[in-house]
Amino acid sequence: MGIGGGIFLIAIGAILAFAVHAEPGWLDLTVVGWVLMLAGTAALVITIWYWNDRRNRALAVGMDVVEETRLAHPAAPLGAESEIEIRHPPAPPG
């Protein structure tokens with residue numbers, strides 16, 4: 001769902017809980033609004049936790065940085081698949 005989805009759920013829930021004063025007999029819109037706000041908050045917390053955990057794992061592993069150079073083929077028309085990818089391994093320490 002992500003950060004945008006969580007914020008969207010919180011906004012819709014706040015509108016239903018605080019701004020809508022309709023009273024359908026079979027549905028309490030205030031409760032629906034609070035449930036949506038809680039779901040949005042949970043989505044934000046889980047997303048932030050997931051991205052923070054993922055970032056920490058990437059830093060802990062010490063991934064090698066690969067320098068990437070892209071060259072366009074001069075004979076190919078623009079917009080075509082004319083890129084040639086060259087990857088240079090990192091220089092050995094020392």
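What are the pairs, 6+ residues apart or on separate chains, where a residue within segment 3-28 that is more than 15 Å from Ile46 (Cα to Cα) and surrounded by 13 or more Cβ atoms within 10 Å (Cβ to Cβ) has its Cβ under 6 Å from a residue that is modelled with pLDDT of 90 or more and among the hydroxyl-bearing types (Ser, Thr, Tyr)?
Ala17/Thr30
Just to be sure, is Ala60 exposed (fewer than 10 other Cβ atoms within 10 Å of the Cβ), modelled with pLDDT of 85 or more and of a type outside the set (S, T, N, Q)?
no
Could you check, for segment 78-93, whether at least one of its residues is out of contact with any helix residue (DSSP H, G or I) (no Cβ under 8 Å at 6 or more places or on another chain), surrounded by fewer than 10 Cβ atoms within 10 Å (Cβ to Cβ), modelled with pLDDT under 65 and part of a helix (DSSP H, G or I)?
no
The values are calculated or read from the model by the stated rules, or taken from the named source; none is laboratory data. Just so it is clear, the model here is predicted, and its values are computed rather than measured. So basically every Cβ, Gly included, is an ideal-geometry build from the backbone, and we count neighbours across all protein chains shown.
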